Amino acid sequence: MTTQTDCVDHELIRTAAHVAATRCRGEHHTMAAAARARDGRIVTAVNAYHFTGGPCAELVVIGAAAAQGAYDLDTIVAVGDRDRGVVPPCGRCRQVLLDYFPALKVIVGTNEGLRMVPVIDLLPESYVWVDHQLDAEESAPLSTD
C-alpha cells in the first residue's frame with residue numbers, strides 16, 4: 001500500500017471540518033467532504049442522509065465539483081460532525097471515487113495520524129468499471145445494410 005504522511009493537505013481537512021461544524025445540523029447532514037481540484041480549487045459538500053441510502057458527502061462533492069466545472073479532482077477528505085474528525089469513505093464511495101478519479105488521493109485517519117492513500121489502495125483487487133466497458137466501436141449497433 002502506498003501512503004504519504006508528509007504531504008497531507010491540512011487546508012482541505014480544515015475546510016471540511018469547518019463545513020461539518022457549521023453546516024451539518026440534525027440527522028440529515030452528518031458528514032462533510034472537501035475535494036481539491038487539480039487547478040487548486042476546493043469544492044465542499046455535505047451528505048444527504050435518507051433511510052433509502054441517500055448520497056454520502058463524497059458523492060455529493062463529485063456533483064458539486066462538476067456543477068462548478070471542476071472535473072479533475074486530485075484529493076478528497078470526509079469529516080464527521082460533532083468533532084468526529086476524518087472518516088474514511090464507505091465501500092460504495094470508494095468504488096465511485098475510483099471509477100471517476102482513478103488517480104485520486106484520499107485522506108484517511110489512523111491511530112498513527114493522518115495519511116494520504118491512492119484510492120486504488122482502498123480497494124484491493126478492485127473492479128475498475130472502465131476496464132470492463134466496450135469500446136465505442138464495439139458497442140455501436142451493427143448495420144443491417
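The values are calculated or read from the model by the stated rules, or taken from the named source; none is laboratory data. Here the structure is a predicted model, which means the values were calculated and not measured. Positions of Cβ are backbone-derived with ideal geometry, glycine not excepted, and every protein chain shown enters the neighbour counts.
Only residues in region 40-52 that are within 20 Å of ARG82 (Cβ to Cβ) count as the first member; pair them with residues that are charged (D, E, K, R) and outside any loop (DSSP other than H, G, I, E, B), Cβ under 9 angstrom, at least 6 apart or cross-chain, and list the lot. Final answer for the pair search is THR44/ARG23; ALA45/GLU58; VAL46/ARG23; ASN47/GLU58. Sub-7 Å Cβ pairs linking a first residue in region 103-123 that is without any contact (Cβ under 8 Å) to a residue 60 or more places away in the chain and farther than 17 Å from ASP72 by Cβ to a second residue that is assigned to a strand (DSSP E or B) and of a type outside the set (Ser, Thr, Tyr), at least 6 apart or interchain, are VAL108/VAL86; VAL108/ARG115; VAL108/VAL117; GLY109/GLY85; GLY109/VAL86; LEU122/VAL106, ordered by first then second residue. Each residue in region 77-117 was checked for being in contact with a His (Cβ under 8 Å, 6 or more places away or on another chain) and among the aromatic types (Phe, Trp, Tyr), and 0 of them qualify.
Residues that are surrounded by 14 or more Cβ atoms within 10 Å (Cβ to Cβ), closer than 18 Å to ILE13 by Cα and not hydrophobic (A, V, I, L, M, F, W, C) within region 100-123 comprise LYS105, GLY109, ARG115, PRO118, listed in sequence order. Among the conditions (1) over 19 Å from ILE107 (Cα atoms); (2) over 12 Å from the mean Cα position of the chain (by Cα), the only one that ARG14 does not satisfy is (1). So which of SER139, SER126, SER143 ends up being farther than 20 Å from GLY63 by Cβ and either surrounded by 10 or more Cβ atoms within 10 Å (Cβ to Cβ) or at pLDDT 80 or above (or both)? Step by step, each of SER139, SER126, SER143 is checked, and only SER126 is farther than 20 Å from GLY63 by Cβ and either surrounded by 10 or more Cβ atoms within 10 Å (Cβ to Cβ) or at pLDDT 80 or above (or both).
Looking only at residues in region 104-132 that are over 15 Å from the mean Cα position of the chain (by Cα) and aliphatic (A, V, I, L, M), the one that is farthest from PRO88 (Cα to Cα) is VAL130.
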